[in-house]
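Trainee: There's a structure below that I have some questions on.
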Amino acid sequence: MIKNGILLAGGTGSRLLPFTSYVSKQLLNIAGKPVIDYPISTLKNMGIENLTIVVGSTFSGQILDYVQDGSKYGMNVNYCYQSSPKGIAEAINLCKRYVENKFVVILGDNIFSSDINFEAADNGSAKIVLYKHHNL
């Protein structure tokens, strides 16, 4: 079972201006809770115990203040800072000291309507989760 996860929350939320002028996109309220709670819940339901959150915007401190050490989620949380938006691959690479061999990556604004279940591949291969939306 995979125990390590990476949550990418370093974006600036520029497409959501003016809502993100003073608050991180991941802390905007959707259906009664901050956006970041949705991917954290998805990872928790997958069995993730150790979470590394990549932050990088002006509002990174807001995410640290909200999530803290992860104990309210029943998880251990570490943080990595991505100083400039150099992409997902660099963000994952920043986390290598916190994750071993197998880990899950989720974007900080992903909201799934059902749990993600899959068996970890034993041969080191990667898996990508796709979801067909009813509007597509």
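The values are calculated or read from the model by the stated rules, or taken from the named source; none is laboratory data. Everything quoted here is computed from the prediction, not taken from an experiment. A quick note on method: Cβ atoms are made from the backbone with ideal geometry, for glycine too, and the neighbour counts reach across all protein chains shown. The area values use the complete protein model at the heavy-atom level, side chains included, leaving out ligands, DNA and RNA. Shrake-Rupley method; radii C 1.70, N 1.55, O 1.52, S 1.80 Å.
Trainee: Identify the residue in the stretch 71-88 that is part of a strand (DSSP E or B) and either open to solvent by less than 40 Å² (accessible area, probe 1.4 Å) or of a type in the set (V, I, T) (or both) and, among all such residues, is nearest to P39 (Cα to Cα). Step through it out loud before you land on a result.
Mentor: Filtering the stretch 71-88 down to residues part of a strand (DSSP E or B) leaves 76-81.
From what's left, either open to solvent by less than 40 Å² (accessible area, probe 1.4 Å) or of a type in the set (V, I, T) (or both): 77, 80.
Details: V77: 14, C80: 17 Å.
Ranking the candidates gives V77 first.
Trainee: Here are some conditions: (1) surrounded by fewer than 16 Cβ atoms within 10 Å (Cβ to Cβ); (2) over 24 Å from H134 (Cβ atoms); (3) modelled with pLDDT under 90; (4) not aliphatic (A, V, I, L, M). S113 meets all but one. Which one does it not meet?
Mentor: (2)
Trainee: Only one of (1) free of Cβ contacts under 8 Å to residues at least 12 places away in the same chain; (2) of a type outside the set (D, E); (3) open to solvent by less than 40 Å² (accessible area, probe 1.4 Å) fails for L7. Which number is that?
Mentor: Status for L7: all satisfied but (1).
Trainee: When the residues of the stretch 23-54 are filtered to those that are touching a residue at least 24 places away in the same chain (Cβ under 8 Å) and more than 15 Å from N110 (Cα to Cα), which remaining residue is most open to solvent (accessible area, probe 1.4 Å)?
Mentor: Per the criteria, the residue is E49.
Trainee: Another question, then. Being crowded, with 18+ Cβ neighbours inside 10 Å, out of contact with any Phe, Trp or Tyr (no Cβ under 6 Å at 6 or more places or on another chain) and small (G, A, S): is that true of S60 here? Show your work before the answer.
Mentor: Details: crowded, with 18+ Cβ neighbours inside 10 Å: yes; out of contact with any Phe, Trp or Tyr (no Cβ under 6 Å at 6 or more places or on another chain): yes; small (G, A, S): yes.
Yes: the conditions hold for S60.
Trainee: Turning to a different aspect of this structure: Could you give every pair whose Cβ atoms fall below 7 Å, whose first residue belongs to the stretch 91-117 and is at negative phi and among the small types (G, A, S), and whose second residue is surrounded by 18 or more Cβ atoms within 10 Å (Cβ to Cβ) and not in a strand (DSSP E or B), counting only separations of at least 6 or pairs across chains?
Mentor: Within 7 Å, the pairs are A91/G10; A91/Q82; G108/Q26; G108/I36; G108/P39.
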